[in-house]
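Have a look at the structure below before the remarks.
The values are calculated or read from the model by the stated rules, or taken from the named source; none is laboratory data. Bear in mind the structure is a predicted one, so any value in this text is a computation, not a measurement. Cβ coordinates were reconstructed from backbone atoms using ideal geometry, including for glycine residues, and neighbour counts include every protein chain displayed. These area figures cover heavy atoms from the full protein model, side chains too; ligands, DNA and RNA do not enter into them. Shrake-Rupley method; radii C 1.70, N 1.55, O 1.52, S 1.80 Å.
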Amino acid sequence: MLMRSNRFTLAVCILCLGIWCCGQAYNTEEAAPMEKAEQAALYSAIQGFVGNWWNGSDLYPDPCGWTPIQGVSCDIVGGLWYITALSIGPFYENSLACATNVEFRPQLYQLKHLKSLSFFNCFISLGHPITIPGDKWEKLAGSLQSIEFRSNPGLIGQIPTSFGYLKKLQSLVLLENGLTGQVPTNIGNLTNLNRLVLAGNRFTGRIPDSLGRLKKLLILDLSRNSLSGHLPLGLGGLASLLKFDLSNNQLKGKLFARNAYLKNLTLLDVRNNQFSGGLNQSILHMHSLEELMLSCNPLGGDIMRLDWQSLQSLVVLDLSNVGLKGEIPESLSGLKRLRYLGLGNNNLAGNPPPKLASLPNLNALYLNGNNLTGVLKFSEIFYGKMGKRFGAWNNPELCYPVGSMTTRNAPYGVKPCQRGVTLLDPNSRAKLGDGNLNNKSHFVASLGFSSNGIHGLWQLILVDTSITVLLLNLFL
């Protein structure tokens, strides 16, 4: 009994000690002041973006106290509050909106513990465009880890070369702005980067070779610009890459000029460029690929060249309008996770493999605009499931069997096979005049004659010949 009492007393003491410690920590944070210079720098920096009307008078006791600013994060360093993150723009419902005339005030660079700086939909006035300042960024080199400028059409000019001093930077996102010029070579100095997104701007010129030094990159997105030239060889060695998007540019040459080692890549999107040289075997080493989108490039080559079975993680495969030839490989039916297969607008021939319908997750299949021939051998259930997401139009020699399905489920844009017509097997070796009666009968049937009526045809010919001989004898 005494032992139980002692245990209870000990438990109560531990609980009280825990409550006291938490209270002390809470009181410490509550009582921690903000350095006056830090607060003044923050207020001036914010006023540069939202206007001088804002003075922080509704904040108590400071921006990191009981009534913090949405978009401002703080941390205690040496017993004082310091700003660690600043987000300007409508990130939140009660965020501060940007003014028409904005400016980057020098006080921004005095926030010496700032780790993250973001601007969203802030610089939107095309009548009052603004550029990213070209200097002073080195003052934040000891702390800044993330810079983001998103959806700022009024943000123009070039990427400051001084960004190259930010050696601790892990994320550089310049998305959907009005930026121009070339990608600075010294971006390759930011070796701690794991995310580089420069999409949706107006960048021109070549992709710097120096980007091949960014070995920690997980996401590289240079899409929707006007970049040109060949792909740097070093990009094929970024083994950590998960997402690689170069779509909607003017890049040319081979997709990968030598073997790439992108074993962790889950997305490769190079649509709408000028890549050529066929499908590279290095694609087969990207075993983690889930989305492979190569459409609208003059790649050319034979689709049968690759062993598609090695890409078992594929969910999206878009090879439309790339100049492929050959027959559709049956090995594609082994990609059990595939949901989208786009092979439209190529030079593919032969008959589509009916096994494609066995793909358990497939919900879109486009074979339109090729030279496919013969009878479609998919079931009516398959056509009903796919609807307009099955495309096989613009294949003049392709048809579907009339009696096997209702008109409602007939594949869009595909003609019905003629009744009573037996189409030649594309692999048949039958030739006219080879002495094989069965082959002759098959050919006549393919022209619309019944093979059972062929003897009557010969009889008609013999009678016509006899009459001709009799007439000649009368007149000679």
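For Met304, the solvent-accessible surface computed with a 1.4 Å probe is close to 100 Å², ligands and nucleic acids excluded.
Distant-in-sequence amide contacts of Thr131, defined by a placed amide H-H separation under 5 Å and a gap of 5 or more residues or a different chain, comprise Ile156.
Just to confirm my numbers, what's the Cα centroid distance between the stretch 173-240 and the stretch 262-287 in Å? The stretch 173-240 and the stretch 262-287 have Cα centres separated by 17 Å. With a simple spin-label model that places each label point 7 Å from the Cα along the Cα-to-Cβ direction, the separation between Ser276 and Lys168 comes to 4.9 nm. Summing Cβ point charges (Lys, Arg +1; Asp, Glu -1) relative to the Cα centre of the stretch 194-269 gives a dipole of roughly 160 debye. Do any of Lys254/Lys336; Lys136/Lys243; Lys167/Lys254; Lys115/Lys215; Lys112/Lys263 go past 27 Å between their Cα atoms, and which? Over 27 Å Cα-Cα: Lys254/Lys336; Lys136/Lys243; Lys167/Lys254; Lys112/Lys263.
Largest accessible area first, the residues Glu397, Glu35 order themselves as Glu397, Glu35 under a 1.4 Å probe with ligands, DNA and RNA left out. Model label points for Ser331 and Lys215, set 7 angstrom from Cα along the Cα-to-Cβ axis, are 3.3 nm apart.
Each Lys or Arg adds one and each Asp or Glu subtracts one; over the other residues with Cβ under 15 Å from the Cβ of Arg305, this totals -2.
Taking all protein chains together and a 1.4 Å probe, the residues Val402, Val50 rank Val402, Val50 from largest to smallest accessible area. The trypsin sites (Lys or Arg not before Pro) of the stretch 360-405 that DSSP puts in a loop, and whose beta carbon has at most 16 other beta carbons within 10 Å, are Lys377. 3J(HN,Hα) along the stretch 72-85, derived from phi through the Karplus expression 6.51 cos²θ - 1.76 cosθ + 1.60 where θ = phi - 60°, amounts to 10, 10, 10, 8, 8, 10, x, x, 10, 6, 9, 7, 10, 8 Hz, with x in place of Gly and Pro. Amide H to amide H, with H built 1.01 Å from N, Gly253 comes under 5 Å of Ser276, counting only residues 5 or more places away or on other chains.
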